[in-house]
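Here you go, one structure.
Derivation of every value follows stated rules applied to the coordinates shown; laboratory data play no part. Since the structure is predicted, the reported quantities are computational estimates derived from the model, not experimental observations. Glycine also receives a Cβ, built like all others from the backbone with ideal geometry; neighbour counts cover every protein chain displayed.
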Amino acid sequence: MRQKKHISNFNHSEPEFPISCLNRHRDWAVIVCLVGGGQEINTGEAAITEWIDSLLRSFPDWHIYISPHLGDSEYGAGEALGKIEAHPNVIYEDDLHLGVSMRSFRAENVSLLVKQILDLEVEGARKTLDTVRTNYPILITRDLAKAKRWLRDRSPWY
């Protein structure tokens, strides 16, 4: 707001401002945050951590319904989740977890494969790779030069 709207005395974080607006409702309000792993698009974005910090800092009476899977490495919310563990208004609900990227809902096993590789789940990744290969030409190597050669030999654009 300081940069884009030139409001010099704006003292809310990006999440804190919409929460403060909805907090003015007399009865109730709800905010739904769809959180994806690795979705921080700007340098310095605080992602889900700042939403949680804003609620704890300025709106402790709000109820937080949250997926227990946000502790997984790709969400980067482990520290924030530690802060809300003892909070009385936090409800962990497994049904809130969106396990498949909406960008690739037809390729949910590809997302699973990437997660298993990043989490070093070797056996699970091997099994998933066998399933995925029927629809997607996925090859895995640790040799960058070999991958470039493979691409050069097959790609008209390389």
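Return the long-range amide H neighbours of Val90 (sequence gap of 5 or more, or a different chain), with a cut-off of under 5 Å between placed amide H atoms.
Ile64
Using θ = phi - 60° and the Karplus curve 6.51 cos²θ - 1.76 cosθ + 1.60, what whole-Hz ³J(HN,Hα) does each residue of segment 78-87 get, with Gly and Pro shown as x?
x, 5, 5, 5, x, 5, 9, 3, 8, 5
Along the Cα→Cβ direction, 7 angstrom out, place labels at Ile117 and Tyr136. What is the inter-label distance in nm?
0.9 nm
Of Arg152, Arg142, how do they rank once you tally other Cβ atoms within 10 Å and put the fewest first?
Arg142, Arg152
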